[in-house]
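Working notes, beginning with the structure itself.
The values are calculated or read from the model by the stated rules, or taken from the named source; none is laboratory data. Quick caveat: nothing in here was measured; it's all calculated off a predicted structure. Don't worry about glycine lacking a Cβ; one is built from the backbone with ideal geometry, like all the others, and counts go over all protein chains shown.
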Amino acid sequence: MKNLKMMFFSAAVMMAAISCKSSSDDYKSIKPEVLRDKIAGGWAGKMIGVTYGAPTEFRAKGTTYEDPIKWKPADIRGSMWQDDIYVQLTFLMSMDKYGMDAPSKKYQEMFAKAGYMLWHANMQARKNYYDSIFAPLSGTPEYNIHADDIDFQIEADYIGFMCPGMPQSATLIADKIGRIMNYGEGVYGGIFVAALYSEAYYENDIPKIIDKALLSIPSESDYYKIVKDVIKLHQHYPADWRVAWKELEEKWGDVDICGAGTPFNIDAKLNGAYIVMGLLYGEGDPMKTLEISTRCGQDSDCNPSNALAVLGVINGFSGLPDYMQEGVKVLGDTLFIHTTYSFNSAVTSTVKYAQELIQKDGGTVSDKLIKVKIQAPQAPEYENSFPNVVFDKRVSVFDNSGWSFKGKWTPYELTSSGKSGVKQSMVTGKAGDELEFSFNGTGVSLAGNWWKDGGKADVYVDGNLHRSIDTYYDFANQQHTETIWHVMNLQPGEHKVKLVVKGEKRPESAGTNVYITSAVVFRTEAKKSDSWKFSFEK
């Protein structure tokens, strides 16, 4: 893992490289009303898609969703309280308050202090902010085991909406915002989605849009490779997405650090592949695109939301089916929860930022015509969050294998309605109490509870202090069983982790407790996907 000095040096080099835009006199025109219509189509696609897929979210994990999907235009009202929309609107609000060029810490601050629940990479980024771990470190695999998760992918839409034909500008913004919560494949997911929208302004051929958007991410990345696989499968099975899905699942379905050892997969690249599958097999038809990207499963409200937003940019709001337009129009001035934005005001604000970016890059804006200086896609430097890391096993704290305890550790039971519950974790708040976990592998994470009475602990690896941790979390009335500490890239072999409770807490915590539920062990080996062949290639 890069140290702090190298992290900022690498980021500066990457930003400078992208800023050196290829010389081009290629200008394309767009009328102001068409720009607005396309931006409105993108936001509407988000609203429609997320409500279409919402009832199916994570109902199909490692399988396709085959139950009936019942959706009607009135359901679009549900988008008013969807995190797919209000989280990224927080970043838009940050632009309004601090300016587009504000440092990432300012964006992270408003996001961290927002009054809504967060999960996965977003939740870790909020926790990191309060632990004084700021972007870009907050998204790195050293401080965020969710680095490759989907979070930024579902929050990068506004970036692409405001960068018509300008994928390099989109990448610059995405690299800054995406590193608040993600790294590597997780950042590439946001860049790719933003690039899809950027390319969709001046291209209506879906395969060409996908091909061009891929040029904005490194070809060495698994994200690039999985999208290429979807393209290959679509070419071989052009009329049967389920057969294509099955082969894709066999190759990529278990590649997820966050959901390791379970069918749950919130990995950016697999869900990104489902966006592409919906676009290719949907063939430009809004309902067909929605259905396929939803039935692919896993995070199946986010994926149709991104897919339909691409069609929204291609065709504009006016090109969406009338019943979809009407379903959005009735909500035009209704505020999304936790934000100061409605659909109408989000469109207006995005248009304003798009015009600013167009002029900043050398284009021109007038009341009658906008000229955009078209940018060639340019990928950032490749980075890998968890190279060749695979799941080995999960060991409960109540399993005698590998665990030892010293001090006043006691079982903590979850209770419901006053009834005795099941043992959920081991807990103590007494200074000096210890636990040890021995394992064979190259990485390990300790899962436990971030709670309002959480305290501090020191964690040692093979006798050396690795990091001090703080398990307090009491934001948006949310408490969570979560990875509270992890380490990767150890030498293969036997290792020992020791956690020592400090008996200390931050002022706002109600106690000094440390809760431990399990350990997840990882090993390092060659990726299955590197040597995999689809059935038609054997």
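Does G160 meet the test of being in a helix (DSSP H, G or I), under 20 Å from N303 (Cα atoms) and touching a strand residue (DSSP E or B) at 6+ places or on another chain (Cβ under 8 Å)? Spell out how you get there, then give the answer.
Numbers: in a helix (DSSP H, G or I): yes; under 20 Å from N303 (Cα atoms): yes; touching a strand residue (DSSP E or B) at 6+ places or on another chain (Cβ under 8 Å): no.
No.
Only one of A519, A431 is surrounded by 18 or more Cβ atoms within 10 Å (Cβ to Cβ), farther than 30 Å from I337 by Cβ and either in the same structural domain as D131 (by TED's automatic domain parsing) or out of contact with any helix residue (DSSP H, G or I) (no Cβ under 7 Å at 6 or more places or on another chain) (or both); which?
On the way: A431 fails: surrounded by 18 or more Cβ atoms within 10 Å (Cβ to Cβ).
Checking each option against the conditions leaves just A519.
Return yes when K127 is among the basic types (K, R) and surrounded by fewer than 16 Cβ atoms within 10 Å (Cβ to Cβ) and no when it is not.
On the way: among the basic types (K, R): yes; surrounded by fewer than 16 Cβ atoms within 10 Å (Cβ to Cβ): no.
For K127, the condition - among the basic types (K, R) and surrounded by fewer than 16 Cβ atoms within 10 Å (Cβ to Cβ) - is not met.
Name the single residue, out of those in the stretch 142-153 being buried (at least 24 other Cβ atoms within 10 Å of the Cβ) and in contact with a strand residue (DSSP E or B) (Cβ under 9 Å, 6 or more places away or on another chain), that is farthest from A112 (Cα to Cα).
Residues of the stretch 142-153 buried (at least 24 other Cβ atoms within 10 Å of the Cβ): 144-153.
Filter again for in contact with a strand residue (DSSP E or B) (Cβ under 9 Å, 6 or more places away or on another chain), leaving 145-146, 148-150.
On the way: I145: 18, H146: 16, D148: 19, D149: 18, I150: 18 Å.
Among them, the one singled out is D148.
For every residue, the table says whether it meets (1) of a type in the set (S, T, N, Q); (2) on the phi < 0 side of the Ramachandran plot; (3) touching a residue at least 24 places away in the same chain (Cβ under 8 Å); (4) not assigned by TED's automatic domain parsing to the domain that holds A260.
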position	(1), (2), (3), (4)
A307	no, yes, yes, no
G316	no, no, yes, no
D322	no, yes, no, no
K329	no, yes, no, no
T350	yes, yes, yes, no
D361	no, yes, yes, no
R394	no, yes, yes, yes
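What single numbered condition from (1) surrounded by fewer than 14 Cβ atoms within 10 Å (Cβ to Cβ); (2) free of Cβ contacts under 8 Å to residues at least 60 places away in the same chain fails to hold for W409?
All conditions are met except number (1).
Hey, among the residues in the stretch 232-263 that are touching an Asp or Glu at 6+ places or on another chain (Cβ under 8 Å) and of a type in the set (V, I, T), which one's farthest from D530 (Cα to Cα)?
By that ranking, first place goes to I257.
Mind checking which residues of the stretch 239-265 are closer than 18 Å to E57 by Cβ and not in a helix (DSSP H, G or I)?
G253, D256, C258, G259, T262, P263, F264, N265
Could you please find all residues in the stretch 435-469 being within 22 Å of M117 (Cα to Cα) and either surrounded by fewer than 15 Cβ atoms within 10 Å (Cβ to Cβ) or touching a Leu at 6+ places or on another chain (Cβ under 9 Å) (or both)? Can you show your working first?
Within the stretch 435-469, the subset within 22 Å of M117 (Cα to Cα) is 447-455, 469.
Hit for the stretch 435-469 is I469, nothing else.
Looking at (1) over 28 Å from A526 (Cβ atoms); (2) in a loop (DSSP other than H, G, I, E, B); (3) polar (S, T, N, Q), find the lone condition where S138 falls short.
Just one mismatch for S138, condition (2).
Report yes if F386 is closer than 27 Å to D256 by Cβ, surrounded by 15 or more Cβ atoms within 10 Å (Cβ to Cβ), of a type outside the set (S, T, Y) and in contact with a Pro (Cβ under 9 Å, 6 or more places away or on another chain), otherwise no.
Working: closer than 27 Å to D256 by Cβ: yes; surrounded by 15 or more Cβ atoms within 10 Å (Cβ to Cβ): yes; of a type outside the set (S, T, Y): yes; in contact with a Pro (Cβ under 9 Å, 6 or more places away or on another chain): yes.
In short, yes.
Counting only residues that are aliphatic (A, V, I, L, M) and buried (at least 22 other Cβ atoms within 10 Å of the Cβ), which one in the stretch 113-123 is nearest to W450 (Cα to Cα)? So that I can check it myself, show each step before the final result.
So the first thing to find is which residues in the stretch 113-123 are aliphatic (A, V, I, L, M), and the list is 114, 117-118, 121, 123.
Filter again for buried (at least 22 other Cβ atoms within 10 Å of the Cβ), leaving 118, 121, 123.
Working: L118: 13, A121: 15, M123: 11 Å.
Per the stated criteria, the residue is M123.
Evaluate the stretch 178-200: report whether one residue or more is in a loop (DSSP other than H, G, I, E, B), hydrophobic (A, V, I, L, M, F, W, C), farther than 28 Å from I133 by Cα and under 22 Å from the mean Cα position of the chain (by Cα).
Going residue by residue through the stretch 178-200, those that are in a loop (DSSP other than H, G, I, E, B) are 179-184.
Restricting the remaining residues to those that are hydrophobic (A, V, I, L, M, F, W, C) gives 180-181.
Then keep just the ones that are farther than 28 Å from I133 by Cα; that gives none.
Looking through the stretch 178-200, none of the residues is in a loop (DSSP other than H, G, I, E, B), hydrophobic (A, V, I, L, M, F, W, C), farther than 28 Å from I133 by Cα and under 22 Å from the mean Cα position of the chain (by Cα).
Among the residues of the stretch 194-238, how many are buried (at least 23 other Cβ atoms within 10 Å of the Cβ) and over 24 Å from E537 (Cα atoms)?
Result for the stretch 194-238: 12.
I'd like to verify a number: residues in the stretch 400-411 that are modelled with pLDDT under 95 and either of a type in the set (A, V, I, L, M) or over 20 Å from Y460 (Cα atoms) (or both), how many?
1
A194 - would you say it is farther than 24 Å from Q124 by Cβ and touching a Ser or Thr at 6+ places or on another chain (Cβ under 9 Å)? Full working, then the answer.
On the way: farther than 24 Å from Q124 by Cβ: no; touching a Ser or Thr at 6+ places or on another chain (Cβ under 9 Å): yes.
So A194 does not fit the description; no.
I need the full set of residues from the stretch 325-374 which are among the β-branched types (V, I, T) and part of a loop (DSSP other than H, G, I, E, B), in order please. Before you say what the answer is, go through the steps one by one.
Taking the stretch 325-374 first, the residues among the β-branched types (V, I, T) are 328, 330, 334, 337, 339-340, 347-348, 350-351, 358, 364-365, 370, 372, 374.
Within the stretch 325-374, V330, T334, I337, T339, T340, I374 qualify.
Of all strands (runs of 3 or more DSSP E) completely enclosed by the stretch 412-515, which ones contain at least 1 residues that are in contact with a His (Cβ under 7 Å, 6 or more places away or on another chain) and either over 20 Å from S132 (Cβ atoms) or at pLDDT 95 or above (or both)?
Hits in the stretch 412-515: 434-440, 443-450, 456-461, 480-487.
Would you confirm whether or not the stretch 155-164 contains a residue that is closer than 23 Å to F475 by Cα, surrounded by 24 or more Cβ atoms within 10 Å (Cβ to Cβ) and in the same structural domain as D254 (by TED's automatic domain parsing)? Write out each step before concluding.
Taking the stretch 155-164 first, the residues closer than 23 Å to F475 by Cα are 155.
Those still in the list that are surrounded by 24 or more Cβ atoms within 10 Å (Cβ to Cβ) too: 155.
Then keep just the ones that are in the same structural domain as D254 (by TED's automatic domain parsing); that gives 155.
Yes, the stretch 155-164 has at least one match.
Can you spot a residue in the stretch 37-45 that is more than 22 Å from I159 (Cβ to Cβ), at pLDDT 95 or above and in a helix (DSSP H, G or I)?
Initially, the stretch 37-45 is screened for residues more than 22 Å from I159 (Cβ to Cβ), giving none.
No: the stretch 37-45 contains no residue that is more than 22 Å from I159 (Cβ to Cβ), at pLDDT 95 or above and in a helix (DSSP H, G or I).
For the stretch 90-124, name all the residues that are part of a helix (DSSP H, G or I), of a type in the set (A, V, I, L, M) and in contact with an Asp or Glu (Cβ under 8 Å, 6 or more places away or on another chain). Write out each step before concluding.
Filtering the stretch 90-124 down to residues part of a helix (DSSP H, G or I) leaves 90-98, 104-113, 120-124.
Right, trim to of a type in the set (A, V, I, L, M) and you get 92-93, 95, 110, 112, 121, 123.
Of everything in the stretch 90-124, those that are part of a helix (DSSP H, G or I), of a type in the set (A, V, I, L, M) and in contact with an Asp or Glu (Cβ under 8 Å, 6 or more places away or on another chain) turn out to be A121, M123.
Please find, within the stretch 297-336, the residue that is nearest to T51 (Cα to Cα) out of those that are surrounded by 24 or more Cβ atoms within 10 Å (Cβ to Cβ) and of a type in the set (G, A, S).
It comes out as S305.
Are there any pairs with C-beta distances below 6 angstrom linking a residue in the stretch 201-226 that is on the phi > 0 side of the Ramachandran plot and touching a residue at least 12 places away in the same chain (Cβ under 8 Å) to a residue that is buried (at least 23 other Cβ atoms within 10 Å of the Cβ) and in a loop (DSSP other than H, G, I, E, B), with the two at least 6 apart or on different chains, and if so which?
none
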